[in-house]
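The values are calculated or read from the model by the stated rules, or taken from the named source; none is laboratory data. Owing to the predicted nature of the structure, the values given are computational and were not obtained by experimental measurement. Ideal geometry is used to build each Cβ from the backbone, glycine not excepted, and the neighbour counts take in all protein chains shown.
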Amino acid sequence: MLVNSNRIVSTDTLSEELWRENPPRSATTTLQTYIFQIRKLMGSRSSSRNDSRNHLVTTQNGYMMQVRPNELDLFVFEDLAIAGETALRAGEPEKAARLLSDALALWKGRALIDVTCGPHLDVHTVRLDERRMAVTEQRITADLLIGRHREIVVELTALTAEQPYHEYLHIQLMMALYASLRKSDALEVYHRLRRRLLDDLGIEPSPALHAMQQAILSDDPMLMSRDGGVIGSRLLNSFVLANTGQAI
């Protein structure tokens, strides 16, 4: 109910989440017992007896968990992430990096990692993990723009190992390596990924990935800013646009 905060979750949905397609005959009664236990637990942690009922509301078709924006880490994460992405698009990478880092600091592992998930939570888990990855990519973009390329090479190396076909992460790693004066390593990242894509999936790298390789081979001036050592924002924007459909 928390991942659907402030929205009604039907009793059918809750039953499917708990028992999939094989609910027991006592499903309705058991579900009501679970709701009672949740309210009791919430009440034991609240200063007001009415708080648990005000938060967990019974409706005609199901239940709704009512929470305020500052009461749920998911809401806080999204607010920080949106503010950071807005700052990045506004050309404020330092502010963006701070806000996006604060958002990601709320995570303690994969989404719902300590929860036994049914079919509905499985969908939410995928969505939340993908959102976290998108915010991570944006934070790395901000870090590249403000010259933290050496610091993020280790992080990007780990991320590309976890996501071996994720081309945009590899583009970011190539950028960070090139800006760290490791041109040959940047090109090797391209060649390893190309071999992997061909051997495993039978496809060539995307035009964006190929364009990054060509930019590095030719030492494209757009790769570096005028003060040196920082990825040029024009080139970075072009790759963000190619991969996300949005310019920063």
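For the reader, a short list of remarks on this structure follows.
This table checks each residue for (1) modelled with pLDDT of 95 or more; (2) of a type outside the set (A, V, I, L, M); (3) closer than 26 Å to Ile113 by Cβ.
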site: Val126; (1), (2), (3): no, no, yes
site: Leu156; (1), (2), (3): yes, no, yes
site: Leu159; (1), (2), (3): yes, no, yes
site: Ala176; (1), (2), (3): no, no, no
site: Ser184; (1), (2), (3): yes, yes, no
site: Leu198; (1), (2), (3): yes, no, no
site: Pro207; (1), (2), (3): no, yes, no
site: Met212; (1), (2), (3): no, no, no
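- Taking the stretch 131-181 as the range and being of a type in the set (Phe, Trp, Tyr) and either in contact (Cβ under 8 Å) with a residue 60 or more places away in the chain or buried (at least 20 other Cβ atoms within 10 Å of the Cβ) (or both) as the test, the residues that pass are Tyr168, Tyr178.
- Scanning the stretch 114-121 turns up one or more residues that are surrounded by 14 or more Cβ atoms within 10 Å (Cβ to Cβ), assigned to a helix (DSSP H, G or I) and not β-branched (Val, Ile, Thr).
- Check on Met42, of a type in the set (A, V, I, L, M), at pLDDT below 90 and surrounded by 15 or more Cβ atoms within 10 Å (Cβ to Cβ): yes
- Residue check for Gln246: at pLDDT below 90, closer than 30 Å to Phe77 by Cβ and surrounded by fewer than 16 Cβ atoms within 10 Å (Cβ to Cβ): yes
- Set Val123, Val135: member being of a type outside the set (Ser, Thr, Tyr) and over 30 Å from Asp12 (Cβ atoms): Val135
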